[in-house]
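One structure, pasted below without further comment.
The values are calculated or read from the model by the stated rules, or taken from the named source; none is laboratory data. None of the values given here were measured: they were computed from a predicted structure. Backbone-built Cβ (ideal geometry, glycine too); neighbour counts: all protein chains shown. For the accessible areas, the whole protein counts, side chains as well, though only heavy atoms, and no ligand, DNA or RNA atoms are used. Shrake-Rupley method; radii C 1.70, N 1.55, O 1.52, S 1.80 Å.
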Amino acid sequence: MGQITDTERERKIRQLVKALKTEPPEKYETFRLPSARAGEPLLCEVISVPVDEVVLNHRSHRLRSQLEDDPEWQEVSNDPHGEAAQAVLARHVRAARTSEEFLRLKQSLDSEGQQEPGVITHKGVLINANTRAVAIRELADPRKRFIRAAVLPETFGPDELSLLELRLQMQRTLKADYTLTNELLFIEELSSERGLTNAVIAQELRYFPEQPKKGENEVAMRLRVLDLLRHMQRMATPPLPLSFFDDPTHPLGYQTLKDIIPVYDKYMDEDPRLADRYLESVLLAVSVGVTSTHQLRVLDVDFVDSYVMPQLEDDDDDLGIGSLTASLGQSERSGTGGKPRGVDLLNPEQDDADDDLANVAALVNAVTGKDKTIEVAGPIRGSTVKLERDQVRDSLRAAFVTAAKEKKRDDNEEDKRHAPKEALRAATAKVTKATDAVRAVAGTPDFDFQLQKSIEIAYKKLKKSVKNLEQQLADSGVISEQ
């Protein structure tokens, strides 16, 4: 990329705008942008500038999580307009689309040109059209390596730039190239750095425009989801990149994360370590390739110990990979090595000898780490065996899938076992409600003969049902014969 200094770039853009204004207004192009200020239209002059003389936007919210996770970016980010940093940005801009999508864009620009101008600051930083710029740079014909861009006023500040990007990109149905984490990071910036209230952010993003309070709550929920993802990042060693959660193959979409939060909160009320263990189990399931949201929903704080570990230990594979993988979960845990306080409340009748918990964190680290081979304890005391990381993942995934089926079946049986008691409780509540309803209407003009007769008929049906229940309870030995 032909590199010019920031000062030269700013001077070049100022000259192009000045030259443009020497022409009659009808002779040059202007572009109307969504205003960052209430009630003020924003009409900007459009210039054509060599594509190598504009810079890709390192503050683009489409790339926020990708750059945050990239060690190479950390080394060059102190000079974001420099050649090395711009090369990293171009790589991420390109990677944000599939090869086929990027090729189609390049072919369209080559044959049809830009359909709409991009937007740049007076210093030549692209607000949008970063992907178009990268594609134009690759065109074979040097005469086509120019980009049309609307130039923002010099008075535009950071807050207005964020709002403008929001209105250019996010409001257009949250374009596909905004991943979940980038969208959440953008909302966080608008809240914490730009000082916008949840209500204003909801209005800008058009969350439930007819229900402002619901929209405000939606913004709060998205910020809560971001906090949860950051907590899950730190559960692995080394920490997971935030972009891990944008992988389209796993089921941790926004709705699933919303469903996880109340379960997490329930465990937090009992013991924070229980809540973390639950999240570790979710993270392990996702990391090994469990893709069904239904399988995630059956997870609880006991799931790995009660269902996954037995599946691994009973694995009848000729190579014994399941039992070898299980040894990873039986390794010594960091900290006290004991069970989290409160787990005994979930299994009050379990003997202390059976209370040792699987090291879920060790399993997470094994399948998310960079090592392609994992050393585990062998079948002979003191021996070790090396497994391929993919073998461990496959073994755990198979165990999770089978375990989820067993857990669901057990839950159904448990529901069936408690169904009579729950039905009787519900019936008692309804009888109490009926008593209160009769008391409320009795003695009023509405309590006429017709209403009384209908209540009498309903009561006789209830008595008959109670009599049938008494007989069934007596036959079942629950109560003595009347």
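Mean residue ellipticity at 222 nm from the helices of the chain, using -39,500 (n - 2.57) per DSSP H segment of n ≥ 4 over the full residue count, to the nearest 500 deg cm²/dmol?
Computed ellipticity for the chain at 222 nm equals -17000 deg cm²/dmol.
If you don't mind, another one. Which of these values of percent of Cα pairs over 42 Å apart was calculated from the structure shown: (i) 15; (ii) 43; (iii) 32?
(ii)
Using modelled amide H (1.01 Å from N, peptide plane; none on Pro or chain starts), what sits under 5 Å from the amide H of residue 42, excluding residues fewer than 5 places away?
The list, which skips near neighbours in sequence, is 33, 35.
State whether region 79-130 is rounded, prolate or oblate according to the following rule on the C-alpha gyration tensor (a ≥ b ≥ c being the square roots of its eigenvalues): a/c under 1.5 gives rounded; otherwise a/b larger than b/c gives prolate, and the remaining case gives oblate. Mind dumping the intermediate values first?
Values: a/c = 2.71, a/b = 1.29, b/c = 2.10.
Taking the square roots of the gyration eigenvalues as a ≥ b ≥ c, region 79-130 is oblate.
Compute the length gained on full extension between residue 430 and residue 375: take 0.36 nm times their separation in residues and subtract their Cα-Cα distance, giving the result in nm to one decimal. Before the final figure, lay out each step's value.
Values: separation 55, 0.36 × 55 = 19.80 nm, distance 6.02 nm.
Contour length minus the Cα-Cα distance gives 13.8 nm.
Classify region 187-228: rounded, prolate or oblate, from the alpha-carbon gyration tensor (a ≥ b ≥ c, eigenvalue square roots; a/c under 1.5 rounded; otherwise prolate if a/b is larger than b/c)?
Taking the square roots of the gyration eigenvalues as a ≥ b ≥ c, region 187-228 is oblate.
What is the gain in length, in nm to one decimal, between residue 141 and residue 100 on full extension, counting 0.36 nm per residue of separation less the C-alpha to C-alpha distance?
12.7 nm
Might you report the magnitude of the Cβ-based charge dipole of region 114-266 about its Cα centre, with Lys and Arg at +1 and Asp and Glu at -1, to the nearest 20 debye? Please list the in-between numbers first.
Details: 20 positive and 21 negative charges, 73 e Å.
Dipole of region 114-266, to the nearest 20 debye: 360 debye.
Pop a pseudo-label 7 angstrom from the Cα along the beta-carbon direction at both residue 383 and residue 356 and give the gap in nm to one decimal.
2.0 nm
Skipping prolines and chain starts, which residues have an amide H placed within reach, meaning under 5 Å, of the one on residue 237, given they are 5 or more residues away or on another chain?
Close amide H contacts, sequence-distant or interchain: 365.
Okay, next question. Multiplying the sequence separation of residue 11 and residue 459 by 0.36 nm and subtracting their Cα-Cα distance, what value in nm do you get?
Using 0.36 nm per residue and subtracting the Cα-Cα distance, I get 152.3 nm.
Still on this model: Work through the residues other than residue 84 whose Cβ is under 10 Å from its Cβ and net out their charges, Lys, Arg +1 and Asp, Glu -1.
On the way: positive: none; negative: 72, 75, 79, 83.
Charge balance in the 10 Å sphere: -4.
Can you pull the percent of region 87-194's accessible area that's carbon plus sulfur, 1.4 Å probe, other chains left in place?
Of the solvent-accessible surface of region 87-194, carbon and sulfur hold 50 percent.
Something else about it: Residues in region 192-220 near a label at residue 227, defined as backbone nitrogen under 12 Å from the 7 Å Cα→Cβ point?
The answer is 220, whose backbone nitrogens lie closer than 12 Å to the label point.
Taking R0 as 35 Å, what's the FRET efficiency between residue 473 and residue 448 from their Cβ-Cβ distance, rounded to 0.05?
Efficiency, from the Cβ-Cβ distance: 0.40.
Of 440, 419, 452, which is farthest towards the positive pole of region 397-482's charge dipole, taken about the Cα centre with +1 and -1 on the beta-carbons of Lys, Arg and Asp, Glu respectively?
Value computed over the given set: 419.
What distance in nm lies between label points placed 7 Å from Cα along the C-beta direction at residue 214 and residue 438?
Using points 7 Å along Cα→Cβ, the separation is 4.0 nm.
If you place +1 on the Cβ of every Lys and Arg and -1 on the Cβ of every Asp and Glu, how big does the dipole about the Cα centre of region 46-140 come out, in debye to the nearest 20?
280 debye
Given the pairs 266/433; 214/266; 266/370; 258/416; 213/258; 214/258, which span a C-alpha to C-alpha distance of over 26 angstrom in this model?
Values: 266/433 30 Å; 214/266 23 Å; 266/370 33 Å; 258/416 28 Å; 213/258 18 Å; 214/258 15 Å.
In this structure, 266/433; 266/370; 258/416 exceed 26 Å between Cα atoms.
Would you work out if region 94-174 is rounded, prolate or oblate? Take a ≥ b ≥ c from the square roots of the eigenvalues of the alpha-carbon gyration tensor; rounded if a/c is under 1.5, else prolate when a/b is larger than b/c, oblate otherwise.
Oblate, since a/c reaches 1.5 and b/c is not below a/b.
Next question. Tell me, what is the per residue accessible area of region 47-123 in Å², probe radius 1.4 Å? Don't skip to the end; give the middle numbers.
Values: 3780 Å² over 77 residues.
Per-residue value: 49 Å².
Something else now. Which helices count as membrane-span-like in the chain under these terms: full DSSP H, at least 15 Å along the axis by C-alpha, Kyte-Doolittle mean of 0.0 or more?
Within the chain the helices that satisfy the rule are 83-95, 272-287.
Sticking with this structure for a sec: Going by average Cβ density within 10 Å per residue, which order do the peptides 53-63, 258-268, 433-443 take, highest to lowest?
53-63, 258-268, 433-443
Around residue 371, what is the net charge, scoring Lys/Arg as +1 and Asp/Glu as -1 over all other residues with Cβ under 11 Å from its Cβ?
Net of charged neighbours comes to +2.
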